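To start, the structure itself, in structure tokens.
We did not get these values from a lab; they are worked out from the coordinates using the rules stated. Source: prediction; values computed, not measured. So basically every Cβ, Gly included, is an ideal-geometry build from the backbone, and we count neighbours across all protein chains shown.
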Amino acid sequence: MFGSLRQRLTLLGAALSLFCAAAPQAAPVRIAVIAFALPSDNAAIAEATKKALSALFSERGIELVFCTFESFETEVTSGRADIILGTAGHIRRLPDYCLRPVATIVKPPAVNPNRNEGTAIVVRRDRSDLMTLGDLRGTILAANNPLGFTGYQIAMSEIARFDIDPDSFFRKTISPPTPVSL
């Protein structure tokens, strides 16, 4: 419908070149890349984006900055990033910074970006006392990242729908450290 990823990135680059023309010529175009939950293709997507845009910014160059969830927000809110590559959910968390999605990456078998991801809360089979969401109150939650959209935020919004404070619902939340580079 909108052409190949390369064509869309070229169009994006052309538009960005108009907006970035006033930026200092010595500063490279800075692309902030959020650390998606693994496994992911974000390193390959970031490199393909850099390659597609490099001809348009040959004088400035392009710098890829791989970020944790926290440092990604700092890149966005400080205005240091010229382009950002992140999850749709994480971008939607930052509405006060005039972010506008310009491209969505899809690939088989997940070709509908509105139906590609979801959240599941899984309990051990022998825990017959944990049958409903309410039964989980006071337990320990293991999540991929407390700032992750599909791995955490969606589940917390479901808890909040019942007028329950998601920050105090679980006794403790544990998560692995977010990778900085992939």
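A few remarks follow.
- Near Phe66, the amide H atoms lying under 5 Å from its own belong to Val33; only residues 5 or more places off or on other chains count, and H is placed 1.01 Å from N.
- Counting beta carbons within 10 Å around each of Leu53, Leu99 and listing the fewest first gives the order Leu99, Leu53.
- Each residue of segment 137-149 was assigned a 3J(HN,Hα) from its phi angle through the Karplus curve 6.51 cos²θ - 1.76 cosθ + 1.60 (θ = phi - 60°); the sequence is 4, x, 8, 9, 9, 9, 10, 5, 5, x, 9, x, 5 Hz, with glycine and proline shown as x.
- Summing Cβ point charges (Lys, Arg +1; Asp, Glu -1) relative to the Cα centre of segment 133-172 gives a dipole of roughly 140 debye.
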